[in-house]
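Notes follow once the structure below has been shown.
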Amino acid sequence: MSDDQPPITWGISAQPSPKAPQKPKRGKAGCLGCAGILALVVVIGIAANAGSKKTGAPAAKATPAPQTAAKVPSPAATAPLPPLSLPPTHLAPVVNRARAASILTSNDAYYQQEFNRGVEVILARGQAGSFDAFHAWQQKASQDIQPGTDAFRQADAEFDASDEPSSIGDWRDDNTVVQSDLFALANDGLGVGGPDDTQARQKVQADIAQMKTDMATADADAAKVRNGQ
């Protein structure tokens, strides 16, 4: 036997050695298992949903009615209304009306006399001794309010709420206008005899005309008080 001849086997054929079984790859087998479980869960969920539809969906919750804020009345609506000024229910006695009218008329005359005295001393400015007379008048007339206030109070006391005529309130307002005319004269008189003498004297004449109009109104108010109007 030469060295080149293969070895002789006696009736036993050569078998390949068995290979160890390989473990399945987790990438595919694991995913297939997860997919099966997920599919089962989906099927169960669909079946449960179908069953709930067959047995009827739960009643929908009632939607609560929208709430609106309670209206809060405004202070003007809740505040008590002021008492109305009612007209007199009857005519005041003649004696009371006459007494009240006399008080008001006398006060009109008082302011008219004071006004006239002012015109006199103002137009005399520049003459000897005229300054003292004007100065004394001007100091008093420029702030002489109290006589009108006292006259109204005295006249008003002759009435009560049931018989007071509305004209007494008109007189009070118009008496204030008369006083303002007096104050304007006291101010305009300061310019008479000065560098603007001409313009100052024109203002005095305008004050005289205005006082005439306003005093007539105040006297008319006093006459209405006498009549109970």
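The values are calculated or read from the model by the stated rules, or taken from the named source; none is laboratory data. From a predicted model like this one, the values you see are computed outputs, not experimental measurements. Please note: Cβ atoms are built from the backbone with ideal geometry, for glycine as well, and neighbour counts cover all protein chains shown. Only protein heavy atoms, including side chains, enter the accessible area calculation; ligands, DNA and RNA are left aside. Shrake-Rupley method; radii C 1.70, N 1.55, O 1.52, S 1.80 Å.
All conditions in (1) in a helix (DSSP H, G or I); (2) modelled with pLDDT under 95; (3) polar (S, T, N, Q) hold for S162, with the sole exception of (1). Residues in segment 210-229 that are open to solvent by less than 60 Å² (accessible area, probe 1.4 Å) and under 16 Å from V119 (Cα atoms): M211, M215. What's the total number of residues in segment 122-132 that are in a helix (DSSP H, G or I) and open to solvent by 40 Å² or more (accessible area, probe 1.4 Å)? Count: 3. Taking the conditions (1) surrounded by 13 or more Cβ atoms within 10 Å (Cβ to Cβ); (2) in contact (Cβ under 8 Å) with a residue 40 or more places away in the chain; (3) under 42 Å from the mean Cα position of the chain (by Cα) in turn, S162 satisfies each one other than (1).
Pick from segment 182-207 the residues that are among the β-branched types (V, I, T) and either under 44 Å from the mean Cα position of the chain (by Cα) or buried (at least 18 other Cβ atoms within 10 Å of the Cβ) (or both): which of them is modelled with the lowest pLDDT? Step by step, filter segment 182-207, then rank; the result is V192. The residues in segment 105-121 that are more than 17 Å from S180 (Cα to Cα) and crowded, with 17+ Cβ neighbours inside 10 Å can be counted, and the count is 2.
Within segment 135-153, the set of residues being in contact with a Leu (Cβ under 9 Å, 6 or more places away or on another chain) and either hydrophobic (A, V, I, L, M, F, W, C) or part of a helix (DSSP H, G or I) (or both) comprises Q138, A141, A151, F152. Evaluating Q179 against the criteria (1) part of a helix (DSSP H, G or I); (2) more than 15 Å from A222 (Cβ to Cβ); (3) open to solvent by 20 Å² or more (accessible area, probe 1.4 Å) leaves one unmet condition, (3).
Looking at the structure I just gave you, is A151 open to solvent by 70 Å² or more (accessible area, probe 1.4 Å) and either among the β-branched types (V, I, T) or closer than 30 Å to H90 by Cα (or both)? For A151, the condition - open to solvent by 70 Å² or more (accessible area, probe 1.4 Å) and either among the β-branched types (V, I, T) or closer than 30 Å to H90 by Cα (or both) - is not met.
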